[in-house]
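Some notes on the structure that comes next.
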């Protein structure tokens, strides 16, 4: 009997733990998307009580979710202060994109060397989705289609270390990449660049693919810098301050 009671207790604890983990993931996703898509702006307070009510949970999974978002750089949570959406500094943006340019050039070299025809077809399929949403002028749709394209590149690349490093910057770069696609005509230019990249993959031209991917990332940085000048509040051209607040 004791065995059955203990097993039932363990099962209940396991279910509760799984439910809490699911709630944490749901809260992380909702807040992250709000930040990435510009609904939650830099400096916006994140009230744990309000979040708990929204998701019908206790404050424990809310706090865990906010800790995750703090580690990812999307939330600032100082001691004895309410958590709030973090302020993005232009210096950090430049550093992140310079690193991404180097890494994605290497990703492209690996893709050209190891991709199967099925892999190339999958990359073209991801590009077709980019083209569809670019034609519609759908900034949010293009953003998420671009995320899917980058995920496909990392899958085909097959380098777990590249994936780990780039994934560690994912939330911060996703936040910035939406800013990079907000300028007029930017979707069409980006889509054309990705088409040339897919053509280089098809030709297994690693040198060209690496150069194109590096250029794509640095062009995105230039677009961010331009958008920053137009829509940022208090941005410091020297890179030491300023909040990206584009929606």
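Bear in mind these aren't lab numbers, they're just calculated from the coordinates by the rules spelled out. Since this is a predicted model, take the numbers as computed values, not measurements. Because the Cβ atoms are built from the backbone with ideal geometry, glycine has one as well, and the counts that use them run over all protein chains shown.
For the chain, the longest principal axis of the Cα atoms and the long axis of helix 170-180 meet at an angle of about 50 degrees. Once the Cα-Cα distance is subtracted from the 0.36 nm per residue extended length, the residue 215 to residue 159 segment shows a gain of 18.1 nm. Taking every C-alpha pair closer than 8 Å and separated by at least 6 residues, the mean separation divided by the residue count of the chain gives a relative contact order of 26 percent. Largest mean-square fluctuation among 183, 130, 197, in a Gaussian network model of the chain whose springs join Cα atoms under 10 Å apart, belongs to 183.
A Gaussian network model of the chain, with springs between Cα atoms under 10 Å, assigns the largest mean-square fluctuation among 68, 107, 217 to 68. Under 20 Å from a label point set 7 Å out along the Cα-to-Cβ vector of residue 118, the amide N atoms of the stretch 147-167 belong to 149-160. Legend: calculated FRET efficiency, residue 196 to residue 82, from the Cβ-Cβ distance at R0 = 35 Å, rounded to 0.05, equals 0.15.
For Cα Rg over 2.2 N^0.38 Å, the value calculated from this model appears in [x] 0.94; [y] 1.16; [z] 0.99 under label [y]. For the chain, the longest principal axis of the Cα atoms and the long axis of helix 117-136 meet at an angle of about 90 degrees. The distance from the alpha carbon centre of the stretch 106-184 to that of the stretch 37-101 is 24 Å, rounded to a whole number. The slack in the chain from residue 33 to residue 167, taken as 0.36 nm per residue of separation less the alpha-carbon distance, amounts to 46.6 nm. Ellipticity at 222 nm from helices only: DSSP H runs of n ≥ 4 in the chain, each -39500 (n - 2.57), divided by the residue count, give -25000 deg cm²/dmol. Which shape class, rounded, prolate or oblate, goes with the stretch 90-231 when its Cα gyration tensor gives a ≥ b ≥ c as root eigenvalues, a/c under 1.5 marks rounded, and past that a/b bigger than b/c marks prolate? Taking the square roots of the gyration eigenvalues as a ≥ b ≥ c, the stretch 90-231 is oblate.
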